[in-house]
1. Could you give the length gained on full extension between V215 and L159, defined as 0.36 nm per residue of separation minus the Cα-Cα distance, in nm?
2. Which order, highest average first, do 228-235, 330-337 follow once you tally other Cβ atoms within 10 Å for each residue and take the mean per peptide?
3. To two decimal places, what compactness ratio does the range 1-108 give when its Cα radius of gyration is scaled by 2.2 N^0.38 Å?
4. List residues of the range 258-273, by number, whose backbone nitrogen lies under 20 Å from a label position 7 Å along Cα→C-beta of V105.
5. Using a Förster radius of 22 Å, what is the FRET efficiency between V12 and V237 based on their Cβ-Cβ separation? Nearest 0.05, please.
6. Go through the range 5-17 residue by residue and turn each phi into a ³J(HN,Hα) via Karplus (6.51, -1.76, 1.60, θ = phi - 60°); whole Hz please, and just put x for glycine and proline.
7. So what is the 222 nm mean residue ellipticity for the chain from helices alone, if each DSSP H run of at least 4 adds -39500 (n - 2.57) and you divide by all residues, rounding to the nearest 500 deg cm²/dmol?
8. Go through 154-165, 255-266 and give me the packing order, highest mean Cβ count within 10 Å leading.
Amino acid sequence: MLHVVILLACAVAIYLSCEWFVNAVEWLGVRLKVGPLAVGTLLAAFGTALPESVVTFVAVVFGSGTQQKDIGVGAAMGGPLALATVAYGVTGFMLLTRRRKVQAVARTVAPVGGGTTTAAPPDAPAGDTPRDDLGDIRKLARDQRWFLAIFVVKVALGLVAFAFKPWLGLLFFAAYAVYFWRELRDGGEHGDGADLEPLLLQRRREVPATWAVIVQTLVTLVIIFFASQLFVHQLDVIGPMIGLPAAVTALLLSPIATELPEIMNAIIWVRQGKTPLALANISGAMMIQATVPSGLGILFTRWRFDSALLLAGLVTMAAMVYLLTMLWRGRLTARSLTVATVFYVVFGLGLIPILA
């Protein structure tokens with residue numbers, strides 16, 4: 001029972017910390033003069049992906065045995081899988097929920113000529129059906145194509161062995177450097193913070209002090225890091241207690257736990273009506289997960305996949321092909337995003353014969 005309480009407390013701590021983090025990182029983007037989309041793809045993604053990248057780094061570089069190094073490789077594969085399926089699915093579900101609320105408010109607006117009036121949200125005038133604001137679809141498609149190309153190479157390297165393969169890990173770092181530079185260039189015009197909510201650490205100031213923005217960003221990241229790690233440890237304990245094999249916990253539940261900050265960020269930004277930032281955060285985190293942890297794994301481990309890791313790679317690629325197909329056909333909506341979660345269910349079902 002104690003482990004369940006700690007698990008729930010960690011989830012609450014992560015959510016509240018993410019509330020403060022997204023508030024701070026938007027102001028950090030203003031201070032650094034970074035475009036609004038780059039706030040999601042670079043600043044927020046780097047911040048939430050850094051803790052798990054550090055864990056992977058420690059596992060593959062300082063791990064004393066094959067088992068510890070394999071944990072790092074598993075994390076490098078499980079992270080993109082959870083983001084491409086569960087994170088996008090949760091974003092779609094939150095969009096559907098927000099749309100229903102907007103429609104409910106719009107229906108309360110009485111026709112001109114009498115009755116009680118209630119102001120409808122600006123993105124849903126009375127009588128109109130609210131549309132999903134997904135931001136720059138072309139840029140999202142380009143980012144996902146970039147991710148898929150790198151991810152295919154990453155999976156292919158897990159199936160072969162040759163002498164100079166470890167050195168190819170450096171190419172993954174170079175790929176992220178190119179992506180980082182491109183995002184800084186194409187992140188859009190930076191704002192002055194006039195449309196942002198006050199910094200939570202300085203609620204009474206219209207424009208917060210730089211030191212307050214930095215402190216709020218760093219403190220929330222530390223809390224997110226330790227709460228996420230404690231959350232994963234509690235899952236490792238609770239899993240066997242309820243009859244789940246340790247392998248199932250490690251491959252199926254732990255990836256969701258490690259990507260919980262990105263999922264929480266998506267929930268918060270969609271709730272605030274900033275869906276493009278939510279999607280940018282997920283796509284940016286996916287790029288980090290596809291390059292930095294993978295580069296470390298290729299450099300410091302054998303980087304050979306077993307059946308479970310190969311299944312994770314294939315399901316991730318299938319989810320990306322589905323998403324890109326929806327983007328290409330112009331059919332990416334809240335509902336089609338929600339369907340992405342089905343791929344994670346497929347992965348879980350595919351693990352049954354592998355682990356049996």
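1. On the way: separation 56, 0.36 × 56 = 20.16 nm, distance 4.40 nm.
The V215-L159 span can extend by a further 15.8 nm.
2. On the way: 228-235: 19.9, 330-337: 16.8.
So the peptides 228-235, 330-337, ranked by packing, come out 228-235, 330-337.
3. On the way: Rg = 18.3 Å, N = 108, 2.2 N^0.38 = 13.0 Å.
Against the compact-globule rule of thumb, the ratio is 1.41.
4. 266-273
5. Working: r = 19 Å, r/R0 = 0.84.
With R0 = 22 Å, the Cβ-Cβ based efficiency is 0.75.
6. For the range 5-17, the Karplus curve yields 4, 5, 4, 5, 4, 5, 4, 5, 4, 5, 4, 5, 5 Hz.
7. Calculated at 222 nm, the ellipticity per residue is -23000 deg cm²/dmol.
8. On the way: 154-165: 13.7, 255-266: 26.4.
Final packing ranking: 255-266, 154-165.
FYI, it's all coordinate maths here, none of it is from the lab. In this text, all values refer to a predicted model and were calculated from it rather than measured experimentally. Note that each Cβ is placed from the backbone with ideal geometry, even for glycine, and that neighbours are counted across all protein chains shown.
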